[in-house]
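Structure record follows, encoded as structure tokens.
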Amino acid sequence: MGKKRGKLFVVSAPSGSGKTTLCRELIRSLRGKRKLVRSISVTTRRRRGKEREGRDYFFVSPREFIKRRNRQEFLEWARVLNNYYGTPCDFIEKHTGRGDDVLLNIDVQGAMKIKRKKRDAVLIFILPPSFKVLEGRLRRRSTESKAEIARRLKFARHEMRFVRKYNYAVLNDEIARALKQLKEIIRQERKKK
Ligand code: 5GP
């Protein structure tokens, strides 16, 4: 008998909403028999501070990205704030085929593409407590210029409008609480067929 395929969990959130920390904690806390692995995207964006090649992203040139995209290597790809991002198909296939669940940390455009392609994917939107908090987080991170922060905030307002297309919305006002809610969603979804 074939092994049950893993599920796709798609998490989107405006940048600065605390999603990276939340997803890291989620994966850490779910280490058990049934794995939840994070899909590592390919991007043309510059590497930030502590980010590592192959752990946070695969950093490539725009030329390389286009080449891979033309070879249909991405399950979905999108241009987000002047950079390209893509989800490699092979990683998803390998893990879901083994029965591992995969967590995709991608933007709303990517999530909508996954929703069309993979009907049983579970879409979760992480909401920041407020725009003020979002702005504060982006400034504290200070890896982006003022213009970039303003652009990200404007983009966040646009992204928030997609929340109703998701299966779940989780408010990240307090990490422990948001984490608990995310774990509960995954537990419930795993129980389904
Ligand atoms: P950041 O540059 O802050 O790491 O990510 C910017 C945005 O790109 C975030 O919303 C993030 O979720 C999204 N993103 C990261 N990887 C992918 C991907 O493979 N596909 C899509 N569509 N979006 C991605």
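For the cross-link pairs 117/180; 3/50; 33/67; 33/154; 165/192, which exceed 31 Å when the distance is taken from alpha carbon to alpha carbon? Exceeds cut-off: 3/50; 33/67; 33/154. Annotation for the range 138-193: GluC sites (Glu not before Pro) lying in DSSP loop with at most 14 further Cβ atoms inside 10 Å of their Cβ are 174.
Computed 3J(HN,Hα) for the range 120-131, one whole-Hz value per residue from the Karplus formula 6.51 cos²θ - 1.76 cosθ + 1.60 where θ = phi - 60°, is 8, 5, 9, 9, 10, 10, 9, 9, x, x, 6, 5, glycine and proline marked x.
Straight-line cross-link partners of residue 113 among the aspartates and glutamates, defined as a Cα under 16 Å from its Cα and at least 8 positions apart when in the same chain: 73, 76, 159.
Computed packing ranks the peptides 160-173, 121-134, 5-18 as 5-18, 121-134, 160-173, most packed first, by mean other Cβ atoms within 10 Å. Separation of the range 75-95 and the range 157-193, taken as the distance between their Cα centroids, equals 21 angstrom. Once the convex hull of all Cα atoms in the range 8-191 is built, its volume per residue stands at 118 Å³. Residue-wise HN-Hα couplings along the range 177-186, as the Karplus relation 6.51 cos²θ - 1.76 cosθ + 1.60 with θ = phi - 60° gives them from phi, are 6, 5, 4, 4, 5, 4, 4, 5, 4, 5 Hz; Gly and Pro carry x.
Could you grab the relative contact order for the chain? Cα pairs under 8 Å, six or more apart, rounded to a whole percent. Relative contact order here is 33 percent. Kirkwood hydrodynamic radius of the range 1-74, from the reciprocal of the average inverse Cα-Cα distance over all distinct pairs: 14.8 Å.
We did not get these values from a lab; they are worked out from the coordinates using the rules stated. For clarity, every value in this text was computed on a predicted model and none was experimentally measured. Because the Cβ atoms are built from the backbone with ideal geometry, glycine has one as well, and the counts that use them run over all protein chains shown.
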